[in-house]
């Protein structure tokens, strides 16, 4: 199939868009893009379709479908797609980098502050209040996603089995997704009747460590389908349990900082990279986790319809989505066992704060930043009692 046309359908009389304007618009969106992927997509649509005649509605929806059908953060890939449609490869590079840059800079600053001052007791008390909030976000996200991807008993059972495998036997996440996909082809494929049922620099950071960082985050960016908190189980298992790069508490603290920045949750890679190999580690981890998104969009745009409508692809992805939700829930159980079950009185405080945070986030839809700040304040107040 040929590559997408050099000049995609546009409204009549619209001159070509400059790279500077593409960069400016998506840099602004990267600065204000709080609220997760759904909020990002709404902001992107407003800028690219409503405010500017960059894409017509069908073109935007086509790009959104492609972004959601591929591994990686959907909102970032949608940004790359729009830049690609406007100015081909250079446009995609400019739009993607501009969108990612603000979150990377903010995360790098927050990470430096965390590892510079995180051992100070008052800072530790603040994060004692934030950790239960992060766990509440993970559980709420898993429940919400489960309702959408598991409409029947078969897929619901896939969610439960996946959660158990992750929590109890620490199954490899990629293996879990492959097994779920094979099951999906057998159960849902064509001809099947569905039966519901810290402180290094490049000069001293070992090259092997930097290569290990790059390879790990390339795998994450290339293989984790669904984006968002779906990456949490895979990263947590590897960086905490297998590689030993950080403790469970540090991992949850990194997730909390990632939630406080605009942009996708995968920006947590910056935090992990900094912990392993300082500034260069942060840069290499961030580039590595986003690089597959650029490659997938540049290659996949030409094959959108084939990818989107293949019955085998759809059959494969149905239980993979369910397994991803199960993995999120399984990760929640392993992390909460290590973070909430603390000696009295910290354990009781953490469990109570987790319950309140879950109610605030899931029932009353209060933003994560507000709940996290309240948790940090309660953590500090609790330390003074």
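Annotations
- Condition check for residue 197: buried (at least 16 other Cβ atoms within 10 Å of the Cβ) and either in contact with a helix residue (DSSP H, G or I) (Cβ under 8 Å, 6 or more places away or on another chain) or at pLDDT 75 or above (or both): no
- Residue in region 161-185 that is surrounded by the most Cβ atoms within 10 Å (Cβ to Cβ), counting only those that are under 19 Å from the mean Cα position of the chain (by Cα) and under 16 Å from residue 71 (Cα atoms): 173
- Those residues of region 110-122 which are within 26 Å of the chain's Cα centre (by Cα) and part of a helix (DSSP H, G or I), in sequence order: 110, 111, 112, 113, 114, 115, 116
The values are calculated or read from the model by the stated rules, or taken from the named source; none is laboratory data. Computed from a predicted structure; not experimentally measured. Cβ coordinates were reconstructed from backbone atoms using ideal geometry, including for glycine residues, and neighbour counts include every protein chain displayed.
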